[in-house]
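Enquirer: Could you have a look at this structure, given as structure tokens, before my questions?
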Amino acid sequence: LEIADYLNAKTINFGVKLASPEAIQSAIDNDYTPLVYTVNDPHQARELQGMGVKTLFSDEPDILLENMLSVH
């Protein structure tokens, strides 16, 4: 957060292994948009979405999209 503040950033990008609920919530609480990379598992994508993550980076976006749309 200190570096993001210094850089006047608008987002914080998390590797999927570092995207804990606490880290995501901390970013949101401090007015940063959390982005997560590299998410290739649809279940994990839904969990992250439930935590407030709006943007995911993936090597397999077609699989994520297909699976996430079929849930709704």
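Enquirer: Placing unit charges on C-beta atoms (Lys and Arg positive, Asp and Glu negative, everything else neutral), compute the dipole magnitude of the chain about its Cα centre in debye, rounded to 20. Write down the numbers at each step before the final one.
Expert: Numbers: 4 positive and 11 negative charges, 17 e Å.
Roughly 80 debye, rounded to the nearest 20.
Enquirer: How far apart, in nm, are the 7 Å Cα→Cβ label points at Lys54 and Ala9?
Expert: Taking the two extended label points, one gets 1.7 nm.
Enquirer: Between Glu2 and Arg46, what length comes free when the chain is fully extended (0.36 nm per residue of separation minus the Cα-Cα distance, one decimal in nm)? It would help to have the intermediate numbers written out before the result.
Expert: Values: separation 44, 0.36 × 44 = 15.84 nm, distance 2.85 nm.
13.0 nm is the gain from fully extending Glu2 to Arg46.
Enquirer: What residues have an amide H closer than 5 Å to that of Phe14, excluding those fewer than 5 places away on the same chain, when H is modeled at 1.01 Å from N in the peptide plane?
Expert: Here the answer is Leu35, Val36, Tyr37, since their amide H atoms fall under 5 Å of that of Phe14.
Enquirer: Can you list the trypsin sites (Lys or Arg not before Pro) in the chain that are in a DSSP coil and have 10 or fewer other beta carbons within 10 angstrom?
Expert: In loop regions of the chain (DSSP not H, G, I, E or B), the sparsely surrounded trypsin sites (Lys or Arg not before Pro) are Lys10.
Enquirer: Relative contact order, percent, of the chain when contacts are C-alpha pairs under 8 Å separated by at least 6 residues?
Expert: On the way: 85 pairs, mean separation 20.0, N = 72.
Dividing the mean separation by the residue count of the chain yields 28 percent.
Enquirer: Show Leu69, Leu56, Leu1 ordered by accessible area, largest first, where the area counts protein heavy atoms only and the probe is 1.4 Å. Kindly include the intermediate steps, with their values, before the conclusion.
Expert: Numbers: Leu69 110, Leu56 55, Leu1 85 Å².
So, going from the largest accessible area down, we get Leu69, Leu1, Leu56.
Enquirer: I'd like to check one number: the per residue accessible area of segment 25-72, probe 1.4 Å, reported in Å² as a whole number.
Expert: Here the per-residue accessible area is 65 Å².
The values are calculated or read from the model by the stated rules, or taken from the named source; none is laboratory data. In this text, all values refer to a predicted model and were calculated from it rather than measured experimentally. Cβ sites come from the backbone with ideal geometry, for glycine too, and all protein chains shown count toward neighbours. Quick note on the areas: whole protein, heavy atoms, side chains included, nothing else; ligands and nucleic acids left out. Shrake-Rupley method; radii C 1.70, N 1.55, O 1.52, S 1.80 Å.
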